[in-house]
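The values are calculated or read from the model by the stated rules, or taken from the named source; none is laboratory data. Keep in mind it's a predicted model, so treat the numbers as computed, not measured. Every residue, glycine among them, receives a Cβ derived from its backbone with ideal geometry; neighbour counts consider all protein chains shown. When the accessible area is computed, the model is the full protein with side chains, heavy atoms only, and any ligands, DNA or RNA have been set aside. Shrake-Rupley method; radii C 1.70, N 1.55, O 1.52, S 1.80 Å.
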Amino acid sequence: QVQLVESGGGLVQAGGSLRLSCAASGRAFSTYAMGWFRQAPGKEREFVAAISRSETSTDYADSVKGRFTISRDNAKKTVYLQMNNLKPEDTAVYYCAATPFTYNTVVASGYRYWGQGTQVTVSS
């Protein structure tokens, strides 16, 4: 089992940057693919980015490509989401998730473990 705790959210102006972190506890972090999702008020949770176990493969939602970068440090049991050139439409609660599988990593149903979320607010 994996416990996930996100941090790094906050209020930022449009065009600014934030780096989210997700610290994992439990065993065998390196055997989990990791993902970031977000949920804005009144909207469904949506995929943002995913990274494979060994960081050899990443996926991004079209809306964040070229602006967000997902990375992980297996020694520190942490996954990151660097967010640049933030836009007001990026405002949401951001969740980190973990899955022991290598498929369905771009959909929420593909993940087994979730963090509690961290709020990101981008002002115009």
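With labels modelled as points extended 7 Å from the Cα through the Cβ direction, what inter-label distance (nm, one decimal) is found for S54 paired with T31?
1.6
Return one whole number: the accessible area per residue of segment 25-124 in Å², for a 1.4 Å probe. Kindly include the intermediate steps, with their values, before the conclusion.
Details: 5040 Å² over 100 residues.
Ligands and nucleic acids excluded, the result is 50 Å² per residue.
Which distance in nm do the two modelled labels at Q3 and N84 give, with both placed 7 Å along the Cα-to-Cβ direction?
Placing both labels 7 Å along Cα→Cβ, they lie 3.5 nm apart.
With an 8 Å Cα cut-off and a minimum separation of 6 or more residues, compute the relative contact order for the chain in percent. List each step's numbers first, then the result.
Details: 314 pairs, mean separation 44.2, N = 124.
36 percent.
What is the percent carbon and sulfur in the accessible area of the chain, measuring with a 1.4 Å probe over the protein chains and ignoring ligands? Before the final figure, lay out the partial values.
Details: 2930 of 6270 Å².
Using a 1.4 Å probe with all protein chains present, the chain comes out at 47 percent carbon and sulfur.
Multiply the residue gap between N74 and T121 by 0.36 nm, knock off their C-alpha separation, and tell me the result in nm, one decimal place. Write down the numbers at each step before the final one.
On the way: separation 47, 0.36 × 47 = 16.92 nm, distance 2.84 nm.
Extra length available between N74 and T121 comes to 14.1 nm.
If you place +1 on the Cβ of every Lys and Arg and -1 on the Cβ of every Asp and Glu, how big does the dipole about the Cα centre of the chain come out, in debye to the nearest 20? Could you put the intermediate results ahead of the total?
On the way: 13 positive and 9 negative charges, 56 e Å.
That gives the chain a dipole magnitude of about 260 debye.
Under the classification rounded if a/c is under 1.5, otherwise prolate if a/b is larger than b/c and oblate if not, where does the chain fall, given a ≥ b ≥ c as square roots of the Cα gyration tensor eigenvalues? Intermediate values should be presented prior to the final figure.
Numbers: a/c = 1.68, a/b = 1.62, b/c = 1.03.
Here the chain falls in the prolate category.
Want the number for K65 to R19: 0.36 nm per residue separation, take away the alpha-carbon distance, what's left?
Working: separation 46, 0.36 × 46 = 16.56 nm, distance 1.55 nm.
Extending this stretch completely gives an extra 15.0 nm.
Which of the peptides 72-82, 106-116, 87-97 is most tightly packed, and how do the rest follow, judged by the mean count of other Cβ atoms within 10 Å per residue? Intermediate results must be reported in sequence, preceding the final value.
Details: 72-82: 18.2, 106-116: 15.6, 87-97: 19.7.
Peptide ranking by packing, descending: 87-97, 72-82, 106-116.
Kindly state, to the nearest 0.05, the FRET efficiency for S109 paired with K43, given R0 = 22 Å and r defined as their beta-carbon distance.
According to the calculation, E is roughly 0.85.
Would you look at the GNM of the chain, springs on alpha carbons closer than 10 Å, and say which of F101, F47, F29 moves the most?
F101
Projecting each Cα onto the charge dipole of the chain (Lys/Arg +1, Asp/Glu -1 at the beta carbon, about the Cα centre), which of N74, N84, A33 comes out farthest on the positive side?
After comparing all options, I get N74.
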